[in-house]
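Coordinate-derived values only; no laboratory data. All of these numbers come straight from a predicted model, not from anything done at the bench. Cβ: placed from backbone, ideal geometry, glycine included. Neighbour counts: every protein chain shown.
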Amino acid sequence: MNAQIIEKEGVPEYAVIPFEEYQRLLSIVEDIEDLADAQRADQEIKAGDDEAIPSDVVKRLLAGNDHPLKVWREYRGLSQESLGKAAGVGKSYISQIEAGNKTASVTVLSAMADALKVDLSALIVTTA
């Protein structure tokens, strides 16, 4: 590495390096941070604090063609009836929410989120 050291009162203060070297070092640091993030995520999954979501589920959620409630319910293998029972509402209410014909209260959304083992925010539909 070709570095120019700039001193202040006889003590190294700055190291000036070619831009290409700077970019290479930046890339190495980003790779190290990515590896640390991946290791943390793996530890959280192994500890049961997080889970790996299949890519087809993520794609459905990102596409926005289905209500997130429906995507999560189907991923968890629950029927509308069983989710309704867990959340204290009827099957038709779940159906209407999934179809976009009803908006659930925060209380009901929270109960459904608990039953689906997701954060409440995962069931919120946002529009741009």
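Observations
- Helix axis angle, 19-47 relative to the chain longest principal axis, alpha carbon, degrees: 40
- Gain in span if fully extended, ALA52 to SER82, counting 0.36 nm per residue against the direct Cα distance: 8.4 nm
- Ranked by the mean number of other Cβ atoms within 10 Å per residue, highest first, peptides 69-79, 99-109 order as 69-79, 99-109.
- Spacing of the two label points (7 Å from each Cα toward its C-beta) at LEU26 and ILE5, in nm: 2.5
- Summed side-chain charge close to GLU44 - residues other than GLU44 whose Cβ falls under 11 Å, Lys, Arg +1, Asp, Glu -1: -3
- GLN43 versus VAL16: modelled label distance in nm, points set 7 Å from Cα along the beta carbon direction: 4.1
- The separation of the stretch 1-43 from the stretch 95-109, counted between C-alpha centres, amounts to 50 Å.
- Gain upon complete extension [LEU61, ASP119; 0.36 nm per residue less C-alpha separation]: 19.5 nm
- Over the chain, dividing the summed -39,500 (n - 2.57) contributions of all DSSP H runs of at least 4 residues by the number of residues returns a 222 nm mean residue ellipticity of -18000 deg cm²/dmol.
- Which labelled figure in [x] 50, 37, 21; [y] 56, 39, 29; [z] 77, 35, 28 is Cα extents along the principal axes in Å, once derived from the coordinates: [z]
- Counted charge near THR126, where neighbours are those whose Cβ lies closer than 15 Å (Asp, Glu -1; Lys, Arg +1): -2
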